[in-house]
Amino acid sequence: MTASAPATEPHEGLRFHERLKKSTWSEHQRTATSPYVRELLHGRVSRRDYAQLVIAHHFAYTVLEKAAREHAADPIVGRFVRTELYRVAAIEADLAELLGPGWRAEMEATPAIKAYAAHLETACAEPVAFVAHHYVRYLGDLSGGQIIARRLAPVYGGEGLNFYAFGEIEDIDGFKTEYRELLDTLPLDADGHAALIAEATVAYRFNGDIFDELTRRLAVDETADRDGRPE
């Protein structure tokens with residue numbers, strides 16, 4: 001009787017950032033391929049419906065960047081606290097461009113946004129969870145977010161895109177390489193790595209819920225527009 005081969009861990013032999021990406025890929029794809037994102041990339045989302053995504057960003061990044069400031073002294077959190085990444089001021093500039101000077105009056109958190117922001121408030125007090133959410137948000141902004149910005153540039157007359165402009169980062173590709181190295185050198189054991197992957201998966205799910213909500217809003221808006229047209 002021959003001995004069976006020892007069980008291997010999924011993605012064994014990969015660097016941690018590679019394992020993180022592969023382990024969360026299916027949830028990432030849920031957001032990247034949502035109907036809302038598809039319509040957005042084809043320039044078929046109204047200015048107001050695009051503003052709803054920007055509002056969601058405002059709630060999320062306000063919590064995330066508050067946590068970054070509060071826990072910057074933590075040895076794990078601190079390595080990811082980079083002020084050149086901060087997005088809240090850019091988001092507020094976008095909202096002013098998209099909705100006008102009274103944009104704060106339209107800052108209504110939908111159920112999915114409320115759930116995400118509430119989870120961030122709790123989760124980001126824990127260093128590993130903070131890194132998971134930081135990774136999902138900022139590395140996404142520096143990657144797929146740049147594609148979105150290029151596709152949207154002609155749609156809204158160049159307005160509402162400050163969020164995607166990282167003016168203090170001269171070399172985005174180099175910055176992303178450095179970021180991945182920070183992930184690879186985190187002082188975590190196997191359980192810590194597993195916890196980070198699990199929380200990043202949760203982060204993608206929250207974002208997927210927001211995109212589902214935005215998609216439903218698109219459907220409602222389209223129905224309202226159609227019903228309001230004269231025959």
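For the structure I just gave you, tell me whether Ala89 is surrounded by fewer than 19 Cβ atoms within 10 Å (Cβ to Cβ) and more than 22 Å from Ala219 (Cβ to Cβ). Before the answer, list the steps.
On the way: surrounded by fewer than 19 Cβ atoms within 10 Å (Cβ to Cβ): yes; more than 22 Å from Ala219 (Cβ to Cβ): yes.
Judged against the criteria, Ala89 is a match.
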In the range 27-61, residue farthest from Phe130 (Cα to Cα) [restricted to those that are buried (at least 16 other Cβ atoms within 10 Å of the Cβ) and β-branched (Val, Ile, Thr)]
Val45
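Condition check: at positive phi and not basic (Lys, Arg). Does Gly174 satisfy that? Walk me through it before giving the result.
Values: at positive phi: no; not basic (Lys, Arg): yes.
No: the conditions fail for Gly174.
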Matching residues in the range 136-148 (under 18 Å from Ser34 (Cβ atoms) and assigned to a helix (DSSP H, G or I)) number 8
Among Ala129, Ala149, Ala125, which is under 21 Å from Ala68 (Cβ atoms), hydrophobic (A, V, I, L, M, F, W, C) and surrounded by fewer than 19 Cβ atoms within 10 Å (Cβ to Cβ)?
Ala125
Log entry, pairs with first residue in the range 48-66 being more than 15 Å from Arg104 (Cβ to Cβ) and in contact (Cβ under 8 Å) with a residue 60 or more places away in the chain, second being of a type in the set (Gly, Ala, Ser) and surrounded by fewer than 22 Cβ atoms within 10 Å (Cβ to Cβ), beta carbons closer than 7 Å, six or more apart or on different chains, reads Ala60/Ala117; Val63/Ala117
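Conditions (1) touching a residue at least 12 places away in the same chain (Cβ under 8 Å); (2) touching a Leu at 6+ places or on another chain (Cβ under 6 Å); (3) farther than 21 Å from Ala115 by Cβ, marked per residue:
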residue: Val128; (1), (2), (3): yes, yes, no
residue: Gln146; (1), (2), (3): yes, no, yes
residue: Gly157; (1), (2), (3): no, no, yes
residue: Thr177; (1), (2), (3): no, no, yes
residue: Arg217; (1), (2), (3): yes, no, no
Which ones in the range 117-140 are in contact with a helix residue (DSSP H, G or I) (Cβ under 7 Å, 6 or more places away or on another chain) and of a type in the set (Val, Ile, Thr)?
Val128, Val131, Val136
Right, Asp184: acidic (Asp, Glu), out of contact with any Cys (no Cβ under 8 Å at 6 or more places or on another chain) and at pLDDT below 95 or not?
no
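Step by step: first the residues of the range 63-78, then only those that are under 19 Å from the mean Cα position of the chain (by Cα) and surrounded by fewer than 16 Cβ atoms within 10 Å (Cβ to Cβ), then the one that is nearest to Leu98 (Cα to Cα). Which residue is that?
In the first step, residues of the range 63-78 are kept if they are under 19 Å from the mean Cα position of the chain (by Cα); the result is 63-69, 77.
With the extra rule that they be surrounded by fewer than 16 Cβ atoms within 10 Å (Cβ to Cβ), the set shrinks to 66, 69.
Working: Lys66: 24, Arg69: 28 Å.
Among those residues, the one meeting the criterion is Lys66.
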Restricting to the range 142-188, give me the number of residues that are over 30 Å from His42 (Cβ atoms) and among the small types (Gly, Ala, Ser).
1
Can you tell me how many residues within the range 153-201 are more than 16 Å from Arg137 (Cβ to Cβ), in a helix (DSSP H, G or I) and of a type in the set (Ser, Thr, Tyr)?
1
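The values are calculated or read from the model by the stated rules, or taken from the named source; none is laboratory data. None of the values given here were measured: they were computed from a predicted structure. Virtual Cβ from ideal backbone geometry, glycine too; neighbours counted across all protein chains shown.
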